[in-house]
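The values are calculated or read from the model by the stated rules, or taken from the named source; none is laboratory data. This structure is a prediction, so every number in the text was calculated from the model and none was measured. Because the Cβ atoms are built from the backbone with ideal geometry, glycine has one as well, and the counts that use them run over all protein chains shown.
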Amino acid sequence: MEFTLSKEQLLIQKMAQEFCAKHLEPVAEQIDRDNKIPAEIIKGLSELDLFGLPFKEEYGGADAGYDCYVLAMEQLGKVSSGPAITISVNCLGLGAIDKFGTPAQKSKYMPKACRGEHLASFAFTEPGTGSDPKQITTRAVKEGDHYILNGTKRFISNADYPGPMVAFAMDDESSKPTAFIVDKFCEGYSISEPWHKIGYRGGNLLDVYLKDVKVPAENVLGKMGGGFPVLTYGIAFGKVGISSVALGGILAAYEAAVKYAKEKTHRGEPIAKFQAVQLRIADLAMKYEACRWLTYRLGCLANNAKDPMLFAKEAAVTKTYVCETFVDAARIAIDVHGSYGLMNDYLVTRLYRDAILGPQVEGVADMQKMIIAGVVLNG
Amino acid sequence: MNIVVAMKQIPDLQQIRIRNRKPILDDVALTFGNIDKNALEAGVQLKEATGSNLIVVSVGTEALEDTIKEALAAGADEAYLVLDDEIGDMESSSSARLIAEAIKKIDDVGIILFGEGSGDNYSGQVGSRVAAILGLPQAGYAKSININGNIATVTRSLEDCEEVLEAELPIVVSVIADINEPRIPSVTQILKAGRKPKEMLELDVTGDSMLETISNLAPEMQRKQIEIETIEKLLKVLENEGLLRR
Ligand SMILES: Cc1cc2nc3c(=O)[nH]c(=O)nc-3n(C[C@H](O)[C@H](O)[C@H](O)COP(=O)(O)OP(=O)(O)OC[C@H]3O[C@@H](n4cnc5c(N)ncnc54)[C@H](O)[C@@H]3O)c2cc1C
């Protein structure tokens, strides 16, 4: 068992840290305020090969594996969740294409999105459900060598950027969900205004309207009626990203609490001398370490995942635990700050707003626990 | 033409913990000093401008074999290394001798770059010593370097003036931090670094003089505990601290 990082892993971690310190940190508040990522940040992230970090070089990726992906995403998530979540969703969409796509689909859709010139989306949620594939109402009807898609997708990340969207629809042949690769902004594709959400700001969320969208038959991802494995296995890889972003948030909360505890004084001495504050710092240290190794492990598992169900379970364990712990950690960091922690001038308010989203996205925490229990009890 | 950059492996200063005023160096990752990274970036820019080959030379413990990937990721094409676990705190004269010997093994050297001082000892001697051993002209405190044909033009940043020098290649130049902003290597560059060529040199390090550290204490930092009753006093204090009206 090895718990040390290789030189390459350390350098990738450091590279992300340096980018954050030099370029992202100075605009992090602006991203949160304006709900928009400056174009130069997207360009900078792309120059460092961060949009396609885990994917093979032949499809435009950096071939660094999910272990290095976790390390870079943790650093981005620590400083600004918006760009981090944008990359995470890009890798979710690309991950599904990478795992289930044909070589032609991969060559067509992956390289540009790996370079950040396009961004991938993954569209499952609808106004009626975000948890239950059987309730999907988007329809795909075969017409010659095409499928015609109609429906509304809700809360779709990156829907305002061009690129591939892995969209789930009930097809009239199998009466089961099927995954299709839709070119965003093709004829019949339109989007709403961005939702005004409380956290992960900058990572845009929109509704997508598909009106008689013509998708060529070669854009079916996986098999007809095979949407369910694309959804569960694809989203399991997405959870590597979302867990890493939350892990970065925990680290930020931990560091903010330590800094404040050392700086804020009572009767001339830092509040870190109070045992109550010390216990909170210890709690944050324990939570960060536990989540760190759980997330790093998930990155390593993702590199060698063989049994999809087992990997889906490990991803659910990590995502649920880390995202729920981020909520606790942000709350503890606020407690260390007292009322100052409720003021927007302090980072911990943003962290709390970010933290509260995690348990709801890419499968609500309750559904994750059902996945975990299902594998534990039924194998 | 070959451009040579000499870089020293040091503990990552950001990771050093201080306990009872003593720096704890165990488990601290190794890296290169910041000014050495400026020297490397200057080398990369000259390489891009002149289409040269960039070689990094370094003398250090066996861990250097791993640390050197950082320089190879940041734009060096190959590395010449002198590795020996006995090389601890080597005195500047010894490091200079080994670096000069390593450089002698490289053909067609046009320019040899150093940081003005290493990130740990900051003795600032090695560049000048190497120039003396190799019998080459040297320019220190460089804030810009241009190469045109066989001529290097170096702008030196001195205390109250700038000096522009011209010299025929080969030349030794040591740079200051202001010379550039080192670029951040991409994931692909980092992953390819380990595959770039490394030349391991067997040089005799026995008999080289070592530094003995007698005491190494962190400066004591104390809160100033200044009580401020009025805005006027606040302004005065900030001014005295050099934080206002600089
Ligand atoms: C920032 C952000 C980004 C997002 N990005 C995307 C995206 O890119 N693509 C996308 O498709 N979606 C995206 N979503 C949507 C998100 O994934 C869904 O909102 C989420 O999966 C939950 O769906 P829902 O809101 O419809 O809740 P519901 O499915 O209605 O669930 C509500 C509650 O009901 C309970 N529940 C539901 N079904 C069951 C059941 N079968 N058994 C037991 N309990 C149940 C759960 O406890 C849950 O808490 C995003 C959301 C956010 C906030």
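For (1) among the charged types (D, E, K, R); (2) in a loop (DSSP other than H, G, I, E, B), each residue gets a yes or a no:
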site: A:Pro162; (1), (2): no, yes
site: A:Glu187; (1), (2): yes, yes
site: A:Glu193; (1), (2): yes, yes
site: A:Tyr209; (1), (2): no, no
site: A:Val215; (1), (2): no, no
site: A:Phe228; (1), (2): no, no
site: A:Lys239; (1), (2): yes, no
site: A:Lys262; (1), (2): yes, no
Please state which one of A:Ile332, A:Ile356 is out of contact with any Ser or Thr (no Cβ under 6 Å at 6 or more places or on another chain) and within 14 Å of the ligand (Cβ to nearest atom). A:Ile356
If you scan region A:135-154, which residues turn out to be surrounded by fewer than 19 Cβ atoms within 10 Å (Cβ to Cβ) and either near the ligand (Cβ under 9 Å from one of its atoms) or in a loop (DSSP other than H, G, I, E, B) (or both)? A:Gln135, A:Thr137, A:Gly144, A:Asp145, A:Arg154
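To keep it simple, each residue is scored yes or no on (1) crowded, with 24+ Cβ neighbours inside 10 Å; (2) touching a residue at least 12 places away in the same chain (Cβ under 8 Å).
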residue	(1), (2)
A:Gly234	yes, yes
A:Ser243	yes, yes
A:Glu269	no, no
A:Ile281	no, yes
A:Ala285	no, yes
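With a cut-off of at least 3 residues that are hydrophobic (A, V, I, L, M, F, W, C) and farther than 24 Å from A:Val166 by Cα, name the helices (runs of 4 or more DSSP H) lying wholly within region A:1-114. Don't jump to the end; show me each part of the working.
Numbers: elements: A:7-19, A:25-34, A:39-47, A:65-79, A:81-100, A:103-114.
By residue number, A:7-19, A:25-34, A:65-79.
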Filtered residues of region B:205-234 (kept if surrounded by 10 or more Cβ atoms within 10 Å (Cβ to Cβ) and part of a loop (DSSP other than H, G, I, E, B)): B:Val205, B:Asp208, B:Ser209, B:Leu211, B:Leu217, B:Ala218, B:Arg223, B:Ile226, B:Ile228
Members of region A:286-327 found to be among the polar types (S, T, N, Q) and farther than 17 Å from A:Gly95 by Cβ, listed by number: A:Thr320, A:Thr325
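Inspect all residues belonging to region B:142-164 and state whether any of them is closer than 21 Å to A:Lys22 by Cβ, in contact with a strand residue (DSSP E or B) (Cβ under 6 Å, 6 or more places away or on another chain) and basic (Lys, Arg). Break it down stepwise before answering.
Applying the first criterion (closer than 21 Å to A:Lys22 by Cβ) to region B:142-164 yields B:143.
Now drop any that are not in contact with a strand residue (DSSP E or B) (Cβ under 6 Å, 6 or more places away or on another chain), which leaves B:143.
Filter again for basic (Lys, Arg), leaving B:143.
Yes, the conditions are met somewhere in region B:142-164.
Among A:Ser192, A:Ser157, A:Ser174, which is among the hydroxyl-bearing types (Ser, Thr, Tyr) and away from the ligand (no atom under 16 Å from the Cβ)? Before the answer, list the steps.
Details: A:Ser192 fails: away from the ligand (no atom under 16 Å from the Cβ); A:Ser157 fails: away from the ligand (no atom under 16 Å from the Cβ).
None of the others qualify; the one that does is A:Ser174.
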In region A:51-74, what count of residues is obtained for those that are within 14 Å of another protein chain (Cβ to nearest Cβ) and either among the acidic types (Asp, Glu) or touching a Phe, Trp or Tyr at 6+ places or on another chain (Cβ under 8 Å) (or both)? 12
Qualifying position, being within 24 Å of A:Phe124 (Cα to Cα), more than 15 Å from the ligand (Cβ to nearest atom), touching a residue at least 40 places away in the same chain (Cβ under 8 Å) and in contact with a helix residue (DSSP H, G or I) (Cβ under 8 Å, 6 or more places away or on another chain), among A:Lys313, A:Lys319: A:Lys313
How do the pairs read when you match residues in region A:358-377 that are within 14 Å of chain B (Cβ to nearest Cβ) with residues anywhere that are acidic (Asp, Glu) and near the ligand (Cβ under 8 Å from one of its atoms), using Cβ under 8 Å and keeping only pairs 6 or more apart or on different chains? none
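Considering only region B:93-140, state which residues are part of a loop (DSSP other than H, G, I, E, B) and modelled with pLDDT of 95 or more.
Hits for region B:93-140 are B:Lys105, B:Ile106, B:Asp107, B:Asp108, B:Gly135, B:Leu136, B:Pro137.
Within region A:166-173, identify whether any single residue is touching a helix residue (DSSP H, G or I) at 6+ places or on another chain (Cβ under 7 Å) and part of a strand (DSSP E or B), and answer yes or no.
Looking only at region A:166-173, we keep the residues that are touching a helix residue (DSSP H, G or I) at 6+ places or on another chain (Cβ under 7 Å), and these are A:166, A:168.
Going one step further and asking which of them are part of a strand (DSSP E or B), we end up with A:166, A:168.
Within region A:166-173, one or more residues are touching a helix residue (DSSP H, G or I) at 6+ places or on another chain (Cβ under 7 Å) and part of a strand (DSSP E or B).
It is to be established whether one or more residues within region A:75-89 are modelled with pLDDT of 95 or more and facing chain B (nearest Cβ under 9 Å). Give the derivation first.
First, pick out the residues of region A:75-89 that are modelled with pLDDT of 95 or more: A:75-89.
Okay, now just the ones that are also facing chain B (nearest Cβ under 9 Å), so none.
No; the residues of region A:75-89 include none that is modelled with pLDDT of 95 or more and facing chain B (nearest Cβ under 9 Å).
Take A:Met165 and decide whether it is within 12 Å of the ligand (Cβ to nearest atom), more than 14 Å from chain B (Cβ to nearest Cβ) and buried (at least 22 other Cβ atoms within 10 Å of the Cβ).
On the way: within 12 Å of the ligand (Cβ to nearest atom): yes; more than 14 Å from chain B (Cβ to nearest Cβ): yes; buried (at least 22 other Cβ atoms within 10 Å of the Cβ): yes.
Yes; evaluated as a whole, the condition is true for this residue.
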Among residues of region A:1-39, those that are among the polar types (S, T, N, Q), exposed (fewer than 14 other Cβ atoms within 10 Å of the Cβ) and either in contact (Cβ under 8 Å) with a residue 40 or more places away in the chain or within 16 Å of A:Gln75 (Cβ to Cβ) (or both), counted: 0
Here are the criteria: (1) within 14 Å of the ligand (Cβ to nearest atom); (2) surrounded by 23 or more Cβ atoms within 10 Å (Cβ to Cβ); (3) not hydroxyl-bearing (Ser, Thr, Tyr). Tell me which single one A:Val364 does not satisfy. (2)
